[in-house]
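Chemist: Pasting a structure here, questions to come.
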């Protein structure tokens, strides 16, 4: 998996139980993933189609560093699917623990919001690299 983004959990990011608010984690994952899908698909016109089951494995507290990793797992005619992991990074041990996982699917759209094909050359290169 490729490192996409690093965030630091701050007091303003907490929910009522003193942990990182889950909706903010989803926003971080979506932001990191759309940038990756735009880069891979060579277009800024990718939108979130769906997130699969989201697993929150461990809490995130104030001061925790979160590294978000992604990996493209499939590409169709108009869409790409990415596996995402958010990992809590320990600065003392350099160990990472997975705190959240999901798969996000993005679709390429035109200026009116209709889905359109990802460029053929992009799909061919993806297929060559990913067998």
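Bear in mind that the values in this text are calculations on the coordinates, not laboratory data. Model, not experiment: these values are computed from the prediction. Reconstructed Cβ throughout: ideal geometry from the backbone, glycine too, with neighbour counts over all protein chains shown.
Chemist: Sum -39500 (n - 2.57) across every DSSP H segment of at least 4 residues in the chain, then divide by the residue count to get the 222 nm mean residue ellipticity, nearest 500.
Modeler: Theoretical 222 nm ellipticity from helices: -8000 deg cm²/dmol.
Chemist: Give the relative contact order (percent, whole number) for the chain; include only Cα pairs under 8 Å separated by 6+ residues.
Modeler: Contact order relative to length: 27 percent.
Chemist: Among 94, 85, 31, which one moves the most in a GNM of the chain with springs linking Cα atoms closer than 10 Å?
Modeler: Checking each option, the largest mean-square fluctuation is seen for 94.
Chemist: Here is a follow-up. Determine the distance separating the Cα centre of the stretch 1-58 from the Cα centre of the stretch 99-131; give it in Å without decimals.
Modeler: 18 Å
Chemist: Hey, another quick one. Name the residue, out of 42, 61, 12, whose mean-square fluctuation peaks in a Gaussian network model built on the chain with Cα pairs under 10 Å.
Modeler: Sorting by GNM fluctuation, first place goes to 12.
Chemist: Next question, about the same structure. Roughly how many nanometres apart are two label points built 7 Å out from the Cα toward the Cβ at residue 98 and residue 39?
Modeler: 2.2 nm
Chemist: Note the angle between two axes, namely the Cα long axis of helix 22-41 and the longest principal axis of the Cα atoms of the chain, as a number of degrees from 0 to 90, rounded to the nearest 10.
Modeler: 30 degrees
Chemist: Angle check, please: helix 120-130 long axis (alpha carbons) against the longest principal axis of the chain (alpha carbons), in degrees 0 to 90, nearest 10.
Modeler: So the helix axis and the longest Cα principal axis differ by about 50 degrees.
Chemist: Next question, about the same structure. How much FRET efficiency would the formula 1/(1 + (r/R0)^6) give for residue 12 and residue 74, where r is the Cβ-Cβ distance and R0 is 41 Å, rounded to 0.05?
Modeler: 0.70
Chemist: Hey, another quick one. Using the number of other C-beta atoms within 10 angstrom as an exposure proxy, rank 110, 13 with the fewest first.
Modeler: Least to most surrounded, the residues fall as 110, 13.
Chemist: GNM on the chain, C-alpha springs below 10 Å: top fluctuator among 35, 72, 81?
Modeler: Highest fluctuation among the options: 35.
Chemist: Taking the alpha carbon gyration tensor of the stretch 41-131, what are the square roots of 5 times its eigenvalues, largest first, to the nearest whole Å?
Modeler: Working from the Cα gyration tensor, I get semi-axes of 31, 15, 11 Å.
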